[in-house]
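The values are calculated or read from the model by the stated rules, or taken from the named source; none is laboratory data. Computed from a predicted structure; not experimentally measured. Backbone-built Cβ (ideal geometry, glycine too); neighbour counts: all protein chains shown. The area values use the complete protein model at the heavy-atom level, side chains included, leaving out ligands, DNA and RNA. Shrake-Rupley method; radii C 1.70, N 1.55, O 1.52, S 1.80 Å.
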Amino acid sequence: MRMGKMTIEWTKRLKARLFAYLLPLTAGIVMSCTQDGYDKGDSEYSNMRGDFVEAQIGNNKKIVSITTDDGDFFELAQPFSAQWIATPDTVYRCMLYYNKVRDSRGRYMAQVLSVGEIPCPKVVTLAELDSDMKTDPVKFESAWLSKTGRYINLSFSLMTGSADDEKAIHSLRVVQDTITTNQDGTRTSHLRLYHDQGGVPEYYSAQAYASIITSQIPADSASITINTYTGVVEKAFPLRNNR
């Protein structure tokens, strides 16, 4: 299966308003991947859900179905388009807000309310970096392994602001530092979040997400180290089906 932009190294250098497109609904996000957003009511948002998903794109560049991080599959009640969907017949990684509805035959389907693309940075080695390793701080929020085991998800914020210099840009990557062998013979990949503030002013914080595809990691477990404004954070995860 071709994963489209999901396999491209995250070298899109992120502008000062990084991820501002990730929906006006983000103020209500709870970082549990399958959290119901609201109590029942009468509005279209009464049963809204927010999930990290794989979105299947049809030949008309519209989302036609989704698979959530819990492994649930839903066809869309109506195909959904977005300006950033550039490649047909592929899969994009997204944050999707939707209602779960029944069709005329009683099947559950997804009624999309809003969607934003989530970058899936390619894991690169230190030798593959085209610059020195940079670990400018971020505001770390959470990291978790998807229920399917396919992704390590990151939630964090970047300090940002309007800059006079158009070359002032954030740059982020995921770098594999080393792979170590444990006493039981299993291997652990040690990852670091590369972040170059790039001269962007630090006036306010902007929400950001990323997903690391675990099949890129040639090990039985992974740890990721993230430099934050309050110190270094390290998170570790077991990996499945990687050998």
Exercise for the section: Examine segment 219-229 for a residue that is assigned to a strand (DSSP E or B), surrounded by 17 or more Cβ atoms within 10 Å (Cβ to Cβ) and in contact with a helix residue (DSSP H, G or I) (Cβ under 9 Å, 6 or more places away or on another chain), and state whether such a residue exists. Expected result: yes
Handout entry: Selection count where residues are outside any loop (DSSP other than H, G, I, E, B) and under 19 Å from Thr148 (Cα atoms), scope segment 63-83
Key = 7
Handout entry: Test for Leu154: is it aliphatic (A, V, I, L, M), modelled with pLDDT under 95 and in a strand (DSSP E or B)
Key = no
Completion exercise
Scanning segment 84-142 residue by residue, those in contact (Cβ under 8 Å) with a residue 12 or more places away in the chain, assigned to a loop (DSSP other than H, G, I, E, B), hydroxyl-bearing (Ser, Thr, Tyr) and surrounded by fewer than 13 Cβ atoms within 10 Å (Cβ to Cβ) turn out to be Thr87, Ser131
Practice task
Go through segment 41-58 and give me each residue that's assigned to a loop (DSSP other than H, G, I, E, B) and either at pLDDT 95 or above or aromatic (Phe, Trp, Tyr) (or both).
Solution key: Tyr45, Gly58
Practice task
Kindly provide the set of residues from segment 166-184 that are buried (at least 17 other Cβ atoms within 10 Å of the Cβ) and among the aliphatic types (A, V, I, L, M), ordered by number.
Solution key: Ala168, Ile169, Leu172, Val174, Val175
Problem - Residue selected from segment 185-204 under the condition at pLDDT 95 or above and open to solvent by 60 Å² or more (accessible area, probe 1.4 Å), by the criterion nearest to Thr225 (Cα to Cα) - result: Arg192
